[in-house]
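*Asks:* Let me give you the structure first, and then I'll get to my questions.
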Amino acid sequence: MGFFDILALVIPATIFLAAPLIFTALGGLFSERSGVVNIGLEGLMVIGAFTGILTTLYLEGFGFGVWSPWLSLIAAVVIGALFSLLHAVASITLKADQIVSGVALNFLAVGLSVFLVRNIFGKGQTDYVAHRISRENIPVLQDIPIIGPLFFERVYYTSFIAIAAAFIVWYVVFYTPFGLRLRSVGEHPMAADTMGIKVNRMRYIGVMLSGAFAGMGGAVFALTTAGNFAGNTIVGQGFMALAALIFGKWHPLGAFGAAIFFGLAQSLSITGQSIPLLANVPQVYLLIAPYVLTILALAGFVGKAEAPKAIGKPYEKGSR
């Protein structure tokens, strides 16, 4: 196997596996930039995956065909945003410990989704969807020498949507009035309040956006990779996205780059047996590599990354 063949195997898999992480990390960025820690990204991905599969199955029954998974992504965004309200109410209005609230959200998401699956389908997993989000060739671009086969042949449109979303979020967060207000309530909420910005409302918006993006991430994973939903469909991807957010220093493009890095680690765990240099490495090492790299990345960089100054601190009007 030549070098180009290895790239053709690894690069498309990297981008495809990074897409759910990119969406979810961007969601976490909105929440944490507003000052609310969101450990519940894993649970929000679970709800998104559950909603995406269930909605697709119902829409297929109504004859929506190939449009079913795309419409289901919209449903996952809406349900993810609504489900995140539980975390927002607990953390912002009731001023509960944000770490505990996020952990509770993770347990609730898995328990609730598995309970509903057993009641609806009478077993521990849903049926498989007939229409997944499929790989496509990008016209014209696929004919570009070298680059075309690597980036534009048999790719998922959701991967390009995720990449575009990273740049859009970067622009929104750093170059729009909304982004300035969002960052201000995460850095110095008292000063923001003095300037007339409604701190708690901005934090609610940030948490709901995190739910919307994480819901999209979960649905994308389920509708491109899994094809159905069970209690173990989402296992660790939400925490990996949180690690990408921290590794990327709470910056949209940094989180995007970190998600690509973790996507590369995941792709090597899948394609490693086909690569000559990794063919003799025991498969178990390749499978655990993404999680080991996540821990190493956090251990090496979390101390150097500066989180928003007011993150994790409930705001009370008049408090310093």
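*Asks:* Can you tell me which of (1) surrounded by fewer than 14 Cβ atoms within 10 Å (Cβ to Cβ); (2) not in a helix (DSSP H, G or I) is the one residue 171 doesn't meet?
*Replies:* (2)
*Asks:* Then there is this: Just one of (1) crowded, with 22+ Cβ neighbours inside 10 Å; (2) within 25 Å of residue 257 (Cα to Cα); (3) among the hydrophobic types (A, V, I, L, M, F, W, C) trips up residue 8, so point out which.
*Replies:* The number of the failed condition is (1).
*Asks:* To continue, here is another question. Return the pairs, sorted by first residue and then second, in which the second residue is surrounded by 13 or more Cβ atoms within 10 Å (Cβ to Cβ) and aromatic (Phe, Trp, Tyr), the first residue lies in the range 124-144 and is assigned to a helix (DSSP H, G or I), the beta carbons are less than 7 Å apart, and the residues are 6+ apart or on different chains.
*Replies:* Qualifying pairs under 7 Å: 141/152; 142/152.
*Asks:* Another question about this same structure. Look at residue 59 and say whether it is at pLDDT 95 or above, out of contact with any strand residue (DSSP E or B) (no Cβ under 6 Å at 6 or more places or on another chain), more than 22 Å from residue 27 (Cβ to Cβ) and among the aliphatic types (A, V, I, L, M).
*Replies:* yes
*Asks:* What do you reckon, is residue 232 out of contact with any strand residue (DSSP E or B) (no Cβ under 7 Å at 6 or more places or on another chain) and of a type outside the set (A, V, I, L, M)? Break it down stepwise before answering.
*Replies:* Values: out of contact with any strand residue (DSSP E or B) (no Cβ under 7 Å at 6 or more places or on another chain): yes; of a type outside the set (A, V, I, L, M): yes.
Judged against the criteria, residue 232 is a match.
*Asks:* Here's something else I'd like to know. Name the residues in the range 55-72 that are crowded, with 16+ Cβ neighbours inside 10 Å and β-branched (Val, Ile, Thr), would you? Reasoning before the result, please.
*Replies:* Keep residues of the range 55-72 that are crowded, with 16+ Cβ neighbours inside 10 Å, which gives 55-57, 59-60, 64, 68-70, 72.
Correct list: 55, 56.
*Asks:* Now a separate question. Does any residue of the range 108-130 turn out to be farther than 18 Å from residue 226 by Cβ, in contact with a Gly (Cβ under 6 Å, 6 or more places away or on another chain) and not acidic (Asp, Glu)?
*Replies:* no
*Asks:* Could you grab me the full set of residues in the range 86-123 that are farther than 16 Å from residue 38 by Cα and either part of a strand (DSSP E or B) or of a type in the set (Gly, Ala, Ser) (or both)? Spell out the reasoning first.
*Replies:* Kept after step one, since they are farther than 16 Å from residue 38 by Cα, are these residues of the range 86-123: 110-123.
Within the range 86-123, 111, 113, 122 qualify.
The values are calculated or read from the model by the stated rules, or taken from the named source; none is laboratory data. As the structure is a prediction and not an experimental result, all values here were calculated from the model. When we count neighbours, we look across all protein chains shown, and the Cβ atoms used for this are built from the backbone with ideal geometry, even at glycine.
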